[in-house]
Amino acid sequence: KAGVTQTPRYLIKTRGQQVTLSCSPISGHRSVSWYQQTPGQGLQFLFEYFSETQRNKGNFPGRFSGRQFSNSRSEMNVSTLELGDSALYLCASRQDGQDNQPQHFGDGTRLSIL
Amino acid sequence: AQSVTQLDSQVPVFEEAPVELRCNYSSSVSVYLFWYVQYPNQGLQLLLKYLSGSTLVKGINGFEAEFNKSQTSFHLRKPSVHISDTAEYFCAVSDRGGGTSYGKLTFGQGTILTVHP
């Protein structure tokens, strides 16, 4: 079974631009969560989607948004990029979205803001 | 609110020596507990999880962890490490209650394990 796939792996943008990151979960998984990883703040939860609905959101500004499609693939969008948005963005999937199920992570998208 | 504290930011150890990576958590509700490992330029890989039952859980690559409810700890151990265990290790918790905690893992700051020959 293929794992969680994130594209692209690397991205370079400039301040003020916007970016869209993509995540394809493990086949059959319906829950997708997104995390931001930085050296200073560590791993922080962005949001979770289940069956196309956002069920939970972390403490990030409205510039960070996401969506999930009917095939469970998910995208996250960051608008008006700031230098502080430079990070590794990780996506994780679970089968039925129950919290006793472990999350399976992709290799991430490394976003660099110039 | 939940928080996770990994007591050591870096742990150097020699090959074939035992190792313990310490994790304490704070939560007002019952939690599930996880350990993940991250190798350079990769995502997180699940090592083991505690959901309920026996407090000693075994995971992949010879790792095990013990849940101690009274001390709110979930320390990770391995009796004999290899060079290939060099990586960053993360302890994480999730709320058992669902609701506003859906899909959210709260992570510790990570422990970098370096195994020397």
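The values are calculated or read from the model by the stated rules, or taken from the named source; none is laboratory data. Everything numeric in this text was worked out from a predicted model, so none of it was measured. Please note: Cβ atoms are built from the backbone with ideal geometry, for glycine as well, and neighbour counts cover all protein chains shown. Note: accessible area is taken over every heavy atom of the protein model, side chains too, but ligands, DNA and RNA are not part of it. Shrake-Rupley method; radii C 1.70, N 1.55, O 1.52, S 1.80 Å.
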Legend entry - Residue within the range A:25-33 that is within 14 Å of chain B (Cβ to nearest Cβ), among the aliphatic types (A, V, I, L, M), closer than 23 Å to residue B:1 by Cβ and open to solvent by less than 70 Å² (accessible area, probe 1.4 Å) present: no
Legend entry - Residues within the range B:68-117 that are within 13 Å of residue B:23 (Cβ to Cβ), more than 14 Å from every other protein chain (Cβ to nearest Cβ), assigned to a strand (DSSP E or B) and open to solvent by 10 Å² or more (accessible area, probe 1.4 Å), tallied: 3
Inset, instruction - Considering every residue within the range B:100-107, establish whether at least one is more than 25 Å from residue A:58 (Cα to Cα) and touching a residue at least 12 places away in the same chain (Cβ under 8 Å). - result: no
Inset, instruction - Would you point out the residue of the range A:41-56, among those that are more than 9 Å from chain B (Cβ to nearest Cβ) and in contact with a strand residue (DSSP E or B) (Cβ under 7 Å, 6 or more places away or on another chain), that is surrounded by the most Cβ atoms within 10 Å (Cβ to Cβ)? - result: A:46
Inset, instruction - For the range B:39-58, state whether one or more residues are of a type in the set (Phe, Trp, Tyr), under 19 Å from residue A:91 (Cα atoms) and in contact with a strand residue (DSSP E or B) (Cβ under 7 Å, 6 or more places away or on another chain). - result: yes
Inset, instruction - Would you check which residues across the range A:87-101 are buried (at least 20 other Cβ atoms within 10 Å of the Cβ) and touching a Phe, Trp or Tyr at 6+ places or on another chain (Cβ under 7 Å) and list them? - result: A:89, A:90, A:91, A:92, A:97, A:99
Inset, instruction - Return the total of residues in the range A:64-86 being in a strand (DSSP E or B), in contact (Cβ under 8 Å) with a residue 40 or more places away in the chain and either open to solvent by less than 10 Å² (accessible area, probe 1.4 Å) or touching an Asp or Glu at 6+ places or on another chain (Cβ under 6 Å) (or both). - result: 3
Legend entry - Residue check for residue A:18: closer than 15 Å to residue A:78 by Cα and open to solvent by 20 Å² or more (accessible area, probe 1.4 Å): yes
Inset, instruction - Hey, can you tell me all the residues within the range B:18-38 that are in contact with a strand residue (DSSP E or B) (Cβ under 6 Å, 6 or more places away or on another chain), within 14 Å of another protein chain (Cβ to nearest Cβ) and among the hydroxyl-bearing types (Ser, Thr, Tyr)? - result: B:32, B:36
Legend entry - Count of residues meeting criterion [in a loop (DSSP other than H, G, I, E, B) and more than 20 Å from residue A:3 (Cβ to Cβ)] in the range B:21-62: 10
Inset, instruction - Output the residues belonging to the range A:68-114 that are more than 12 Å from chain B (Cβ to nearest Cβ) and in contact with a His (Cβ under 8 Å, 6 or more places away or on another chain). - result: A:72, A:95
